[in-house]
Amino acid sequence: FVLGLSQSQWDELNNDESKPLYNRFLQSYCPGSTFKPVTVASALEEGVVKDGDTYVCKGFETVADYKLKCHVFSTIGSHGSLTVEQALMNSCNPYMIHLALEMGNSRFAYYQSLFGFGKITGIDLPGETTGIVYGDRMTTIDAACNSFGQTINVNMMQMMAAYCSIINGGMLYQPHIVKRIESANGEVVKEYKANLVRQTITASTSKLLRRYLKNTVEEGTAKKAGVTG
């Protein structure tokens, strides 16, 4: 199902040459825990946490009368005391909630926009959606849920562009499918140069996130995503 389309509706769209094919990578979805590096990077940049700072996960956080649980609540109960790096490695929801509340609604919304969420990336493909963010309407419960990737909708290109900026020193580039167009005899008709949109985080924050994410894959919850070499 894509944007509420049934399988028959999806097949009808794909078989109708007069209508553009829906590209799932450009449609919005709820990112879940893959959004946590954005929260951590934003909090480090904002200065509400620094490398090595600890927080005690008790298995849940109560925000606006809602009990928001950690993913380990039903198994081991809680993570206990964690550094911010360990929180990312172990995908700890309460630590993310803590960071979002420390940043505050408006600052967290600012960083979401800075990373490109709620805006199209401008990739050279049709039908890109902006996703769903709260912006200046963000409430405390919105911020808490957004911190671990819930109640926010993004598209996959936004996520890939944001991740690239997180690990490359903080530079957010406009993504492209085509590098250049050549004529039949090999002459370059058009070439797409790297287009820097803006800087999201500092090089020092990016360096920390590279370490955190590497350890998340090697020792944390993302071991299955590890690629040899």
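The values are calculated or read from the model by the stated rules, or taken from the named source; none is laboratory data. None of these values were measured; they are calculated from a predicted model. Every residue, glycine among them, receives a Cβ derived from its backbone with ideal geometry; neighbour counts consider all protein chains shown. Calculation scope for accessible area: heavy atoms of the full protein, side chains included, ligands and nucleic acids excluded. Shrake-Rupley method; radii C 1.70, N 1.55, O 1.52, S 1.80 Å.
Does residue 83 satisfy the condition of being of a type in the set (Val, Ile, Thr), closer than 26 Å to residue 168 by Cβ, modelled with pLDDT of 95 or more and crowded, with 21+ Cβ neighbours inside 10 Å?
no
What are the residue pairs meeting all of these: first residue in region 192-205, first residue of a type in the set (Phe, Trp, Tyr), second residue open to solvent by 60 Å² or more (accessible area, probe 1.4 Å), Cβ atoms under 8 Å, and 6 or more apart or on different chains?
Sorted first by the residue in region 192-205, then by its partner, the pairs are 192/176; 192/179; 192/180.
Do you know which residues across region 112-122 are hydroxyl-bearing (Ser, Thr, Tyr) and crowded, with 21+ Cβ neighbours inside 10 Å?
Listed by number, the list holds a single entry, 121.
Under 8 Å between Cβ atoms, which residue pairs at least 6 apart in sequence (or on different chains) link something in region 218-229 that is surrounded by 11 or more Cβ atoms within 10 Å (Cβ to Cβ) with a partner that is part of a loop (DSSP other than H, G, I, E, B)?
Taking only residues 6 or more apart or on different chains, the pairs are 218/226; 220/90; 220/91; 221/90; 221/91.
Give region 171-194 a look and list any residue that's among the aromatic types (Phe, Trp, Tyr) and at pLDDT below 90, or say none.
Within region 171-194, just 192 meets the criteria.
Within region 198-226, restricting attention to residues that are under 17 Å from the mean Cα position of the chain (by Cα) and not in a helix (DSSP H, G or I), which residue is farthest from residue 79 (Cα to Cα)?
Going through the qualifying residues, I end up with 198.
Return the pairs, sorted by first residue and then second, in which the second residue is of a type in the set (D, E, K, R) and surrounded by fewer than 21 Cβ atoms within 10 Å (Cβ to Cβ), the first residue lies in region 77-93 and is farther than 17 Å from residue 41 by Cα, the beta carbons are less than 7 Å apart, and the residues are 6+ apart or on different chains.
The qualifying pairs are 78/58.
Restricting to region 123-158, and then to whatever is part of a helix (DSSP H, G or I) and of a type in the set (Gly, Ala, Ser), can you tell me which residue is most open to solvent (accessible area, probe 1.4 Å)?
It comes out as 135.
Taking region 96-110 on its own, how many of its residues are buried (at least 18 other Cβ atoms within 10 Å of the Cβ), out of contact with any Ser or Thr (no Cβ under 8 Å at 6 or more places or on another chain) and over 15 Å from residue 134 (Cα atoms)?
Going through region 96-110 one residue at a time, the tally reaches 1.
Specify the residue that is nearest to residue 123 (Cα to Cα); the eligible residues are those in region 159-192 that are open to solvent by less than 70 Å² (accessible area, probe 1.4 Å) and part of a strand (DSSP E or B).
172
Quickly run through region 67-78 and pick out the residues that are touching a strand residue (DSSP E or B) at 6+ places or on another chain (Cβ under 7 Å), closer than 20 Å to residue 146 by Cβ and open to solvent by 10 Å² or more (accessible area, probe 1.4 Å).
Once the filter is applied, which keeps residues that are touching a strand residue (DSSP E or B) at 6+ places or on another chain (Cβ under 7 Å), closer than 20 Å to residue 146 by Cβ and open to solvent by 10 Å² or more (accessible area, probe 1.4 Å), region 67-78 yields 67, 68, 69, 73.
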